[in-house]
Amino acid sequence: MDLLVIGARGMLGRDLVDTLSKPPFEHRVLAWDIDEIDITRLEDVEEKVAVAAGDSPFKYIVNCAAYTDVDGAEVERELSYEINAVGAKNVAEAAAKVGARTVYISTDYVFNGEKLVPIREDDEPEPVNYYGCTKLAGEEFTRSMDPGALIIRTQWLFGPYGKNFVETMLNLAGAGKTLRVVDDQVGSPTYALHLAEAIGRMIELSLSGTYHISGGGSTSWYRFAREIFELTGMDVDLVPVTTEEYVKGAGRVVAKRPKNSVFDMTKVKTDTGVTMRVWRDGLSEYLGRREAIGGEPSNSR
């Protein structure tokens, strides 16, 4: 077995398993999710990884498992830390024991979003919410267990196999609601399939270290929503608001978000030859693929 993907039924995990097992990569991929392994329990992880590796150790173990509810992490702090930080440590430790390299999927939320220029890999992390703290801890634990690990930070992820902003917008629009969408947070929407293809290339090249990967270009959440409705031909009452206005009207706990999440992707382009496609291309592909599979995403992750 070449690769083990943990979190294999989530949004990125499903596309990653499918991409890595097909040309041009054609790896033998073992896919596990929460029913197969509890990453918060070290003994469980070590035992199951060792048995699965057998006499033919994995080359890579890709950790896509995560607690991804950013607002929920402010309330469920212990659970989010157990999954994103302790779980990451356990996976990397088990990988090291069978001679496998670790791939850890991280986030733009490890940064404070105050830079006015794209964020580089060597910029100092400073999370502004608890979710970002847990993912930064996960990065640090992974590196400590596996100095040759590959850490991939991404952002604004969407795809057909999990909850995401595109589906949220389409569902709310279908209910006929006026949509108030934040227009002062800027980032780069990332199509899960495009990210999976880039990860496949990085594994093929045996890269290590930290990389930033997202869709090309940038936009705000409001402009992202506007593009969704233009491409789907929906007439929606869409109102741009500031983050402060949105938080005041939310009526629930809302974690602080970075203002600017745009990545500098010079490093990944230089080291892989990959130029990430513009986020609008990913959105167009996703909407076409969504129709082909029935228009409803899976809620697994």
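The values are calculated or read from the model by the stated rules, or taken from the named source; none is laboratory data. Just so it is clear, the structure is predicted and the values come from calculations on it, not from any experiment. Here the Cβ is made from the backbone with ideal geometry for all residues, glycine too, and neighbour counts use every protein chain on show. Ligands, DNA and RNA are stripped out before the accessible areas are found, and what is left, the full protein with its side chains, is counted by its heavy atoms. Shrake-Rupley method; radii C 1.70, N 1.55, O 1.52, S 1.80 Å.
State yes or no: is Arg180 touching a strand residue (DSSP E or B) at 6+ places or on another chain (Cβ under 6 Å), farther than 25 Å from Ile61 by Cα, of a type outside the set (A, V, I, L, M) and outside any loop (DSSP other than H, G, I, E, B)? Yes, satisfied.
From the list Gly209, Gly216, Gly200, the lone residue that is over 20 Å from Val128 (Cβ atoms), in contact (Cβ under 8 Å) with a residue 12 or more places away in the chain, out of contact with any His (no Cβ under 7 Å at 6 or more places or on another chain) and open to solvent by 20 Å² or more (accessible area, probe 1.4 Å) is Gly209.
Could you check segment 71-83 and list, in sequence order, the residues that are farther than 20 Å from Phe141 by Cα and open to solvent by 20 Å² or more (accessible area, probe 1.4 Å)?
Of segment 71-83, the ones farther than 20 Å from Phe141 by Cα are 71-72, 74-76.
If the condition is that a residue be farther than 20 Å from Phe141 by Cα and open to solvent by 20 Å² or more (accessible area, probe 1.4 Å), then Asp71, Glu74, Val75, Glu76 are the ones that fit.
Is it true that some residue in segment 46-56 is in contact (Cβ under 8 Å) with a residue 60 or more places away in the chain and either at positive phi or within 20 Å of the chain's Cα centre (by Cα) (or both)? There is no residue in segment 46-56 that is in contact (Cβ under 8 Å) with a residue 60 or more places away in the chain and either at positive phi or within 20 Å of the chain's Cα centre (by Cα) (or both). Exactly one residue out of Ala31, Ala85 is modelled with pLDDT of 95 or more, in contact with a helix residue (DSSP H, G or I) (Cβ under 6 Å, 6 or more places away or on another chain) and within 30 Å of Gln185 (Cα to Cα): that is Ala85. Can you pull out the residues in segment 41-67 that are among the β-branched types (Val, Ile, Thr) and either touching a Ser or Thr at 6+ places or on another chain (Cβ under 9 Å) or surrounded by fewer than 18 Cβ atoms within 10 Å (Cβ to Cβ) (or both)? Passing the criteria: Val51, Ile61, Val62.
Looking across segment 275-289 at every residue that is of a type in the set (A, V, I, L, M) and in a helix (DSSP H, G or I), the one that is farthest from Ser208 (Cα to Cα) is identified as Leu287. Scanning segment 156-181 for residues that are among the β-branched types (Val, Ile, Thr) and crowded, with 19+ Cβ neighbours inside 10 Å yields Val166, Val181.
The C-beta contact set for segment 236-261 (first residue among the hydrophobic types (A, V, I, L, M, F, W, C), second residue part of a strand (DSSP E or B), distance under 6 angstrom, 6+ apart or interchain) comprises Leu238/Leu179; Val239/Arg180; Val241/Arg180.
For segment 88-124, residues that are touching a strand residue (DSSP E or B) at 6+ places or on another chain (Cβ under 9 Å), open to solvent by 20 Å² or more (accessible area, probe 1.4 Å), within 25 Å of Gln185 (Cα to Cα) and charged (D, E, K, R) total 5. Residue pairs whose Cβ atoms lie under 6 Å apart, sitting 6 or more positions apart in sequence or on different chains, and linking a residue in segment 160-179 that is modelled with pLDDT of 90 or more to a partner that is of a type in the set (Asp, Glu) and not in a helix (DSSP H, G or I), are Thr178/Asp237.
For Asp18, are the conditions met, namely being in contact (Cβ under 8 Å) with a residue 40 or more places away in the chain and open to solvent by 40 Å² or more (accessible area, probe 1.4 Å)? Steps first, please.
Details: in contact (Cβ under 8 Å) with a residue 40 or more places away in the chain: yes; open to solvent by 40 Å² or more (accessible area, probe 1.4 Å): yes.
Yes; evaluated as a whole, the condition is true for this residue.
Can you tell me which condition Asp123 does not meet? The list is (1) charged (D, E, K, R); (2) modelled with pLDDT under 95; (3) farther than 21 Å from Arg280 by Cα, and all the others hold. The single condition Asp123 does not satisfy is (2). Here are some residues: Arg143, Arg153. Which one is among the basic types (Lys, Arg) and open to solvent by 50 Å² or more (accessible area, probe 1.4 Å)? One residue alone meets the criteria, Arg143.
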